[in-house]
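The values are calculated or read from the model by the stated rules, or taken from the named source; none is laboratory data. Because the structure is predicted, anything quoted here is derived from the model rather than measured. Because the Cβ atoms are built from the backbone with ideal geometry, glycine has one as well, and the counts that use them run over all protein chains shown.
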Amino acid sequence: MSKLILLLPESIQRKLQLRKFRRIFEWAKQNSAFYDDIYEKAGINNLNINSFADIEKIPVVDKDLMLQTPKENLLTTPLSEDLAENSSSGSTGKPMTVYATKKDYLTSVVRTFMAIKGYNPFKRIVFIGMHEEKERNEKHTLVYYLQKYFGLFEREKYSVYMPSGEIIDKLYGREINTLSSTPSIVKLLIEELKESRRILNINYVVLSGETVFGDLRNDIKTYLKAKVIDVYGCTELLSMAWTKPDMEDFNYLPNTVFVEYVNPVEIDGEHYGELVITNLLNKTQPFVRYNIRDLVKVPVATNRMGNIIGRIEDHIDLESGEKLHRLEFCTMYKPLKECRQFRIIKKKDKRIYFQAICKAKKEESEIKQKIIDIWEKHFLGVPLEVQFFKELPLSSKTGKFKIIEQES
């Protein structure tokens, strides 16, 4: 897991990565009934991985396929108390539990903090989020004992349901090294800071769970005095990649994951693909050519991932047959400075609603017209209904805010 691998020549890194892929592929094939069945049906049970081209012969799997499979057929070892358990937030409506060794779980925690320059594991970080689930997952792992008996990896915890003003009162006037949360929560904090005309003093803001856009980065610099570190991960591989402070491309360690991009699509002249990963660490519940279903900008550099613009499901279908993706929607409404928060939702009745919270002392009728004018500039003839609210709640399941949604 060491960063030292990045010091090796690229050709050596690629050889080591291919060797690790070969090992996890063989292990999954021999010890998981799920993969054995898939590979037998695909006629590749005797496939030898001698090159990266050979990898493309392996079928891609996804969450839906795994959720249809009995857990004992996915795992390569019987369930026991020696395994760490981690459950997804269920943001797709289909939560999934992933099992790994306790050692693997610890390395995932360490990877999160590798991104923070000069991080001291004995210093608490401020964490705002759904910490109850995280603590349940850690209860029987080495992380829990390191926290309890050695003071490592401790968190100063605040719930997502605690009012932003109360959290700010706790943090105001302090020198804080690291604050970790989701972009939705940090955005709410910043709106409260703007209204109360206060500024926090934070070195690093570590964001995860949602796409980070430029306007939020600018606000963090202004109102939190912080540099942004974006951490990308998923239940299938926690803390997989991270950005350097105030950078946008993600870095990952080639000896922890093999990354691919499939089903390419062009959005605003940029090339994106669905992210497919192979977890090179977890032998307990292997993920070999697993489609995360996140849409990612295809990078040029090796060991890099581009911007993640959201789930494949993060779009709405228009009557014209076009798809409105999250990135396009956010770009369209970037000039809308009069709203604290907004989102778009296509409901089961096929009507499209723009829902927003106005900033104080703003005239709703003028804002409504601006919203409609922007919409008609791109989608003339497509009806849009505008609704104003005092609050747009976060998801009670995930603690996140969904900016684009299509009801099924």
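Does VAL382 satisfy the criteria of being surrounded by fewer than 16 Cβ atoms within 10 Å (Cβ to Cβ), part of a loop (DSSP other than H, G, I, E, B) and assigned by TED's automatic domain parsing to the domain that holds LYS194? So VAL382 does not fit the description; no. At positive phi, free of Cβ contacts under 8 Å to residues at least 24 places away in the same chain and not basic (Lys, Arg): is that true of GLY214 in this structure? It is false that GLY214 is at positive phi, free of Cβ contacts under 8 Å to residues at least 24 places away in the same chain and not basic (Lys, Arg). Of the listed requirements (1) under 24 Å from the mean Cα position of the chain (by Cα); (2) part of a loop (DSSP other than H, G, I, E, B); (3) surrounded by fewer than 18 Cβ atoms within 10 Å (Cβ to Cβ); (4) not assigned by TED's automatic domain parsing to the domain that holds ILE229, VAL300 misses just one: (4). Considering region 143-195 alone, what residues qualify as being small (Gly, Ala, Ser) and over 21 Å from the mean Cα position of the chain (by Cα)? The answer is GLY151, SER164, GLY165, GLY173. Inspection of region 331-354 identifies at least one residue that is assigned to a helix (DSSP H, G or I) and under 24 Å from TYR272 (Cβ atoms).
For region 321-343, residues that are surrounded by 18 or more Cβ atoms within 10 Å (Cβ to Cβ), more than 21 Å from HIS271 (Cα to Cα) and of a type in the set (A, V, I, L, M, F, W, C) total 2.
Please determine whether any residue of region 385-392 is part of a strand (DSSP E or B), more than 25 Å from ILE185 (Cα to Cα) and not assigned by TED's automatic domain parsing to the domain that holds ASP64. Yes, region 385-392 contains a residue that is part of a strand (DSSP E or B), more than 25 Å from ILE185 (Cα to Cα) and not assigned by TED's automatic domain parsing to the domain that holds ASP64. Tell me yes or no: at least one residue of region 132-154 is assigned to a loop (DSSP other than H, G, I, E, B), at pLDDT 80 or above and of a type in the set (Asp, Glu). The answer is yes; a qualifying residue exists.
Scanning region 358-376 for residues that are within 23 Å of PRO183 (Cα to Cα) and surrounded by fewer than 16 Cβ atoms within 10 Å (Cβ to Cβ) yields LYS359, ALA360. Does region 398-405 contain at least one residue that is among the β-branched types (Val, Ile, Thr), in a loop (DSSP other than H, G, I, E, B) and either free of Cβ contacts under 8 Å to residues at least 60 places away in the same chain or surrounded by 16 or more Cβ atoms within 10 Å (Cβ to Cβ) (or both)? Yes, region 398-405 has at least one match. Using the structure shown, decide if ILE309 is modelled with pLDDT under 90 and either farther than 30 Å from VAL382 by Cβ or part of a strand (DSSP E or B) (or both). In short, yes.
To keep it simple, each residue is scored yes or no on (1) under 26 Å from VAL98 (Cα atoms); (2) modelled with pLDDT under 95.
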{"residue": "SER159", "(1), (2)": "yes, yes"}
{"residue": "LEU216", "(1), (2)": "no, yes"}
{"residue": "LEU224", "(1), (2)": "no, no"}
{"residue": "GLU236", "(1), (2)": "yes, yes"}
{"residue": "MET240", "(1), (2)": "yes, yes"}
{"residue": "ASN251", "(1), (2)": "yes, yes"}
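Residue pairs whose Cβ atoms lie under 6 Å apart, sitting 6 or more positions apart in sequence or on different chains, and linking a residue in region 45-68 that is without any contact (Cβ under 8 Å) to a residue 40 or more places away in the chain to a partner that is part of a helix (DSSP H, G or I) and aromatic (Phe, Trp, Tyr), are ASN45/TYR39; ILE49/PHE25. Scanning region 319-330 for residues that are assigned to a loop (DSSP other than H, G, I, E, B) and not hydroxyl-bearing (Ser, Thr, Tyr) yields GLU319, GLY321, GLU322.
Among the residues of region 234-244, some residue qualifies, meaning at least one is under 25 Å from ASP215 (Cα atoms) and charged (D, E, K, R).
Total residues in region 84-120 satisfying the condition of being modelled with pLDDT of 70 or more and part of a loop (DSSP other than H, G, I, E, B): the figure is 4. Considering region 8-52, the residues that are among the hydroxyl-bearing types (Ser, Thr, Tyr) and not in a helix (DSSP H, G or I) include one that is surrounded by the most Cβ atoms within 10 Å (Cβ to Cβ), namely SER32.
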